[in-house]
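Notes follow once the structure below has been shown.
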Amino acid sequence: MAQTKKKTIWKRWYMIVLYCFVGLIVIGSLLPDSDNSETNINSQVNVEQETLTIEQQMEKSVVEILGSSNRKVDRLVEFDYLDNLFPQDEGRIAVANIRFNINDNLNKNYIRGGALMDSADLFEHLYANYPDDLTAVQIMGFYPLSDSYGKEEDVAVLKISIKKETADKINWDNFNSDNFPIVADSYYIHPALSD
């Protein structure tokens, strides 16, 4: 009987210690993080952004805006930032060229609509966050099309160019992306995606 009592006392203390340990873990997870760790994270982000070039910052933000693809391809095909193209001319010319893969959707109207909305998001973000670093943004959207023989390849089905002067006139919060043909400095949509 004495051995049974020893085992139950030992088991009882073991369970009490275990419950206390689990309770401390739960309480610790419920407490907010300290201000020091938040400051450290913010300073690490600021240091990272300071070490990136303007082109790298733009490309990183473009990748974030485009998100992931639903076609087993990378969304961003190519990003170029061409600064000071003609240094002998007066005025600075800096152009961002974005080539991206358009996501698939239910039909050609939704595919076109999604590509135009992605383009609007890109224009809005770049001109809002890099106003002094850009004079024009050119976007090309690629989508797979089949030729007469059934061979499929990614083709540039969307091309939009907007200069800074034009972008400054657009209220991006209320902008309808179907108006790109009217407001863009240059606009092309492949017949396969047009009405």
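Can you check what the net charge comes to around ASN70, using other residues whose Cβ is under 15 Å from the Cβ of ASN70 (Lys, Arg +1; Asp, Glu -1)? It would help to have the intermediate numbers written out before the result.
Details: positive: ARG71, LYS72, ARG75; negative: ASP74, ASP104, ASP118, ASP154.
Combined, the nearby Lys, Arg, Asp and Glu give -1.
Zone of SER186 (label point 7 Å along Cα→Cβ, backbone N under 16 Å): which residues in segment 158-172?
The answer is 158-167.
For the pairs LYS60/LYS159; LYS72/LYS108; LYS108/LYS169; LYS72/LYS163; LYS72/LYS151, flag any whose C-alpha to C-alpha distance is greater than 23 Å. Can you show the working numbers first?
Values: LYS60/LYS159 21 Å; LYS72/LYS108 19 Å; LYS108/LYS169 29 Å; LYS72/LYS163 32 Å; LYS72/LYS151 18 Å.
Long pairs (Cα-Cα over 23 Å): LYS108/LYS169; LYS72/LYS163.
With θ set to phi - 60°, apply the Karplus curve 6.51 cos²θ - 1.76 cosθ + 1.60 along segment 96-101 and write out the HN-Hα couplings as whole Hz, x wherever there is a Gly or Pro.
Per-residue couplings from phi come out as 9, 10, 10, 10, 9, 8 Hz.
Quick one: order SER194, SER61 by neighbouring beta-carbon count within 10 Å, fewest to most.
Details: SER194 12, SER61 15.
By the 10 Å Cβ count, ascending: SER194, SER61.
Starting from a Cα-only point model with no solvent, please compute log10 I(q)/I(0) by Debye for segment 102-175 at q = 0.19, 0.24 1/Å.
For segment 102-175, the Cα-only Debye profile gives -0.82, -1.09.
What is the distance in Å between the Cα centres of segment 154-195 and segment 135-149?
Each part reduced to its Cα centre gives a spacing of 13 Å.
What ranking of GLU59, GLU124, GLU50 emerges when the number of other C-beta atoms within 10 Å of each C-beta is taken as an exposure proxy, fewest first?
Result, fewest neighbours first: GLU50, GLU124, GLU59.
If I take every Cα pair under 8 Å that is 6 or more residues apart in segment 53-189, average their sequence separation and divide by the length, what percent do I get for the relative contact order?
Working: 216 pairs, mean separation 26.1, N = 137.
Across segment 53-189, relative contact order equals 19 percent.
Provide the gained length on full extension for the span ARG92 to VAL22, in nm with one decimal, where the gain is 0.36 nm per separating residue minus the Cα-Cα distance. Could the numbers behind the result be given before it?
Details: separation 70, 0.36 × 70 = 25.20 nm, distance 6.26 nm.
Fully extending the segment from ARG92 to VAL22 adds 18.9 nm.
Quick one: PHE21, PHE79, PHE175, PHE180, fewest Cβ neighbours within 10 Å first, how do they rank? Write out the running numbers ahead of the final one.
Numbers: PHE21 10, PHE79 17, PHE175 14, PHE180 20.
Starting with the residue having the fewest Cβ neighbours, the order is PHE21, PHE175, PHE79, PHE180.
All other residues with a Cβ under 11 Å from the Cβ of ASN105 taken together, and with Lys, Arg as +1 and Asp, Glu as -1, what is their net charge? Walk me through the numbers on the way to the answer.
Values: positive: ARG71, LYS108, ARG112; negative: ASP104.
Overall, the nearby charge balance is +2.
Values in this text are rule-based calculations from the coordinates and carry no lab data. The shown structure was predicted, so the numbers you read here are calculated from the model rather than taken from an experiment. Glycine also receives a Cβ, built like all others from the backbone with ideal geometry; neighbour counts cover every protein chain displayed.
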